[in-house]
Amino acid sequence: MCTIVTMSKNGVVLTGNNEDYTEPRTKIWFISASKDGYGRVYVGFDSPSLPSSFQGGMNEHGLFMDMNAVNPTGWQRDPGKPTFNGDLVEKILTDFATVQEVVEFFQQHNVSDLNILKVPVADAKGNSVIVEWGQGAQHFIFKEGDYQISTNFIQSEYKNPDEYPCQRYKIADQILKNAETATIDVIRSVLSATHFDVPSTTLYSNICDLKQKQLYLYFFHNFEETVVFDLEKELKKGNASYPIPSLFLTTPFVAHQYNQIGSKIVQLLQKS
């Protein structure tokens, strides 16, 4: 589960993400620019059991991306296109600066991740898109209006937004449509109102200001304590990574509790 939103209004471009999962070993990475790609920050999991540590992030151009898990979509390979086999988060944040570049990449490649994921992307210009596979085809759902919301269902399978089967989507929509401007407080209120407790809890949340290149980080849906990173300043320090829990003064009670019962929840989910 994840709730991902982007909002562009009055010259401000913000994104927000709740990372909902069962792996409490979370981490943030800063990778400086090089001949191989743009400078970037990743957020994700420090777990050898996962196929990819990186779940999302932002790069030096203000390009943001994350992913929502979905039920198998029936994705099919186009024999006329090459197949991308690398880490999708790394590819997008390393090589691209705009939503349009990401769209062109998906148009030109087979991306098998779309069998189990949908991919929201936003840039500093205020553009955003959700890339997904539904009804036997690849779809690009572009932002209409001031904001866009992505949760864990295939939107292109529904003609009427009133039929969307996700309460988190509806909560986020209610908050965003009544917001007079794009602010950190507005995005934080969306993330707070849509966070998970159990079994797949909100392990961290992040808000990105795509024009200012700042990342606001929250630990275990405690929105009272914030760690703010200025991407430009962090990248000048060189490559670095930090366990997310180590960055916060307070470890919320839910984090202590989840560290004790999280592994049991995972075992139960695997048996079910």
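Quick notes on this one:
- Residue within the stretch 28-41 that is of a type in the set (Phe, Trp, Tyr), assigned to a strand (DSSP E or B) and farther than 17 Å from PHE219 by Cβ present: yes
- Scanning the stretch 112-171 for residues that are of a type in the set (Asp, Glu) and touching a Pro at 6+ places or on another chain (Cβ under 7 Å) turns up nothing.
- PHE105 vs. criteria aromatic (Phe, Trp, Tyr) and free of Cβ contacts under 8 Å to residues at least 24 places away in the same chain: yes
- Selection count where residues are under 21 Å from VAL131 (Cα atoms) and not in a strand (DSSP E or B), scope the stretch 1-27: 1
- Restricting MET58, MET67 to residues that are under 16 Å from the mean Cα position of the chain (by Cα) and under 20 Å from HIS109 (Cα atoms) narrows the list to MET67.
- Out of GLY57, GLY80, GLY74, sole residue that is buried (at least 21 other Cβ atoms within 10 Å of the Cβ), at pLDDT 95 or above and outside any helix (DSSP H, G or I): GLY57
- Qualifying position, being out of contact with any strand residue (DSSP E or B) (no Cβ under 7 Å at 6 or more places or on another chain) and closer than 23 Å to LYS170 by Cα, among ASN10, ASN18, ASN71, ASN85: ASN71
- Only listed residue being closer than 19 Å to THR202 by Cβ and modelled with pLDDT of 90 or more, chosen from PHE253, PHE248: PHE248
- Test result for GLY39, under 18 Å from GLU23 (Cβ atoms) and not polar (S, T, N, Q): no
- Of the strands (runs of 3 or more DSSP E) contained entirely in the stretch 98-159, those carrying at least 3 residues that are surrounded by fewer than 17 Cβ atoms within 10 Å (Cβ to Cβ) fall at 137-142.
- Boolean, ILE149 is of a type in the set (A, V, I, L, M, F, W, C) and without any contact (Cβ under 8 Å) to a residue 40 or more places away in the chain: no
- In this structure, ILE184 qualifies as touching a Phe, Trp or Tyr at 6+ places or on another chain (Cβ under 9 Å), in contact (Cβ under 8 Å) with a residue 12 or more places away in the chain and closer than 24 Å to VAL99 by Cβ.
- Selected residue (only one of VAL102, VAL41 is under 23 Å from LEU247 (Cβ atoms) and out of contact with any Ser or Thr (no Cβ under 7 Å at 6 or more places or on another chain)): VAL41
- Any chance GLN174 is surrounded by fewer than 16 Cβ atoms within 10 Å (Cβ to Cβ), at pLDDT 95 or above and outside any helix (DSSP H, G or I): no
- Residue within the stretch 212-220 that is outside any strand (DSSP E or B) and within 20 Å of GLY62 (Cβ to Cβ) present: yes
- Lone qualifier among THR94, THR22 - being within 26 Å of VAL227 (Cα to Cα), at pLDDT below 95 and of a type in the set (Val, Ile, Thr): THR22
- Residues of the stretch 195-223 that are crowded, with 22+ Cβ neighbours inside 10 Å, hydroxyl-bearing (Ser, Thr, Tyr) and under 14 Å from the mean Cα position of the chain (by Cα): THR202, TYR204, SER205, TYR218.
The values are calculated or read from the model by the stated rules, or taken from the named source; none is laboratory data. Quick caveat, the model's predicted, so the values are computed rather than measured. As a convention, Cβ positions derive from the backbone with ideal geometry for all residues, glycine included, and neighbour counts pool all protein chains shown.
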